[in-house]
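> After the C-alpha cells below, expect a handful of questions from me.
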Amino acid sequence: MLQPEEIKRYSRQILLPELGLSGQQRLLNSRVLVIGAGGLGSPALLYLAAAGTGTIGIVDFDKVDLSNLQRQILYKEEDVGKSKAVRSREILRQLNRQVNVISHEQMLSSDNAMEIIGSYDVVIDGSDNLPTRYLVNDACVFSGKPLVYGAIFRFEGQVSVFNLQDEFGRRGPNYRDLFPQPPPPEMVPSCAEGGVMGVLPGIIGSMQANEAIKIIAGIGTTLSGRLMIFDSLDFTTRFLRIHPDAENPVSGNNPTLTQLIDYEEFCNPGKHTMKDQVPEISPAEVHDLLERGKPFQFIDVREPLEYQLVSIGAINLPLSSLPQQVEAIHREGLVVLHCKSGQRSFSAARMLMKEYGFANVKNMTGGLMGWKQEVDPFLPV
C-alpha cells in the first residue's frame, strides 16, 4: 500500500491510466541493476530513482575524470577523482531518500556476474566494451533476466530489449541473435577513441530507463525483437527486426554454452598468444630512449583529430591508412607504435609483422593512458 507521501511524490505518473497505483507499486517493489555509471548510466540512474524504483544497483569500478563531465551528467567538477559507484549512490540518495541504492564498486567478471545479476529483476547495460556486453547478455540469459541494451558512438545510438519473457513464457531475442560474433576490436573504437556528442547518451540512457520502467510496470510495447537506431545528426530513427537464431550458442535449439566464459579471449581471440609474438615496450622505456636521444622511429596510429588534441612527439600514421603508408616506416632500427590504450597499436604491429614482414616493431603498452600513468600524470587523455 502506497503511503500518502509516495502518492504525492509520484502523482503525475500515477495519474497515467496505464500505470496507476498498481504500476507504481510494482516500481517500488522492483530491483534494477545498471552496469556502468557513465554516459548511459547517468540519465538512466537519475530517472529510475526519480520514478521510485525500489532498489537500484550500480556496477562501476572507475573514477570520475574531467573528460567525463561533457556527457556524464551525474557528476560535477568537484567529483573528479572520486569513485563513480560511491558518488552516484550519494547523488541518487539526495534525489530520492526512499530509494535503496547498492554500490558494486568492482569490475563485472565471469566470477561475479551471476551472483550480482541474479538478485535483480531487470538489467540495464550501460557498458562501453564488447567483452562486458557479451558477459552481461549471457549472464542475463542464464539467470532469466530481461536486459535493456544501449550503445552510443559519435552521433548514433542504439536501444533494444533482450531476453524478455512474453505471456507464453518464451524468451525474446538476445544480444547474440543480433551480433553472433564480435568484430575485430580495432573495428569498434570506444567513445574515448572515436568521440561522442555529449547529449546523445542522455537521449539513449533515458530511453533505456523508459524501457526498464515499462518492463517492470507491465505497460506498453517494449523494444523486444527490435533494434532502434537513432541518428542525432539528422534526427532520423530506424528499426531493425531481430529474430531468435536457432544456432545461438546460449539460447538456440542446442546450446553449446551453459556457463560464462573468458570474454576477453572470446572478443580478442588469440590475443594472449599473439602477445608473445608482438614485442612490447613500456612507456617508461620509451621515455628513457627519448631522454637519452636514442634513435628510433616513433609512430602514433590514432586518427588525425585525436592526434591534434594531444601528442607526445610521434609522427602520425593512422591505422586506417597504414597499408598505404608502409613505405614511410623504417625497416632498420627500432620502430615503436602507440595509440591511446595500446589496442590499435597492437593491431598495427601485428599487421606490419604478419603482412609486411617487419621484424623491428614494438607496441607501447597502455598507449597514452600508460604514458599518463608512468611518465606524465598531467597528460590530457
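> So which residues in segment 334-344 are modelled with pLDDT under 95 and either basic (K, R) or under 16 Å from E285 (Cβ atoms) (or both)?
K340, G342, R344, listed by residue number.
To keep it simple, each residue is scored yes or no on (1) within 26 Å of the chain's Cα centre (by Cα); (2) small (G, A, S); (3) surrounded by fewer than 18 Cβ atoms within 10 Å (Cβ to Cβ).
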{"residue": "I7", "(1), (2), (3)": "no, no, yes"}
{"residue": "Q13", "(1), (2), (3)": "no, no, no"}
{"residue": "Q24", "(1), (2), (3)": "no, no, no"}
{"residue": "L46", "(1), (2), (3)": "yes, no, no"}
{"residue": "V59", "(1), (2), (3)": "yes, no, no"}
{"residue": "K82", "(1), (2), (3)": "yes, no, yes"}
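> Let me ask something else about it. Need the failing condition index for N163 against (1) at pLDDT below 95; (2) in contact with a Cys (Cβ under 9 Å, 6 or more places away or on another chain), just the number.
The one condition N163 does not meet is (1).
> How do the helices (runs of 4 or more DSSP H) wholly within segment 222-330 filter down when requiring 3 or more residues that are closer than 30 Å to N163 by Cβ: which remain?
Ranges flagged: 263-267.
> Could you pull out every one of the helices (runs of 4 or more DSSP H) wholly within segment 84-187 that has 1 or more residues that are over 28 Å from G252 (Cα atoms)?
84-95
> Does D166 meet the test of being under 23 Å from T221 (Cα atoms), of a type in the set (D, E, K, R) and surrounded by fewer than 16 Cβ atoms within 10 Å (Cβ to Cβ)?
When the stated conditions are applied, D166 passes them.
> For the subset of segment 26-37 comprising residues that are within 21 Å of the chain's Cα centre (by Cα) and either at pLDDT below 95 or of a type outside the set (G, A, S) (or both), which member is surrounded by the most Cβ atoms within 10 Å (Cβ to Cβ)?
The selected residue is V34.
> In this structure, does V336 turn out to be in contact (Cβ under 8 Å) with a residue 40 or more places away in the chain, outside the structural domain of Q297 (by TED's automatic domain parsing) and not in a helix (DSSP H, G or I)?
No.
> Okay, next question. Within segment 296-303, identify whether any single residue is over 20 Å from V381 (Cβ atoms), surrounded by 14 or more Cβ atoms within 10 Å (Cβ to Cβ) and more than 27 Å from the chain's Cα centre (by Cα), and answer yes or no.
yes
The values are calculated or read from the model by the stated rules, or taken from the named source; none is laboratory data. Every value quoted in this text rests on a predicted model; they were computed, and no experiment measured them. All Cβ positions, even for glycine, are placed from backbone atoms using ideal geometry, and neighbour counts span all protein chains on display.
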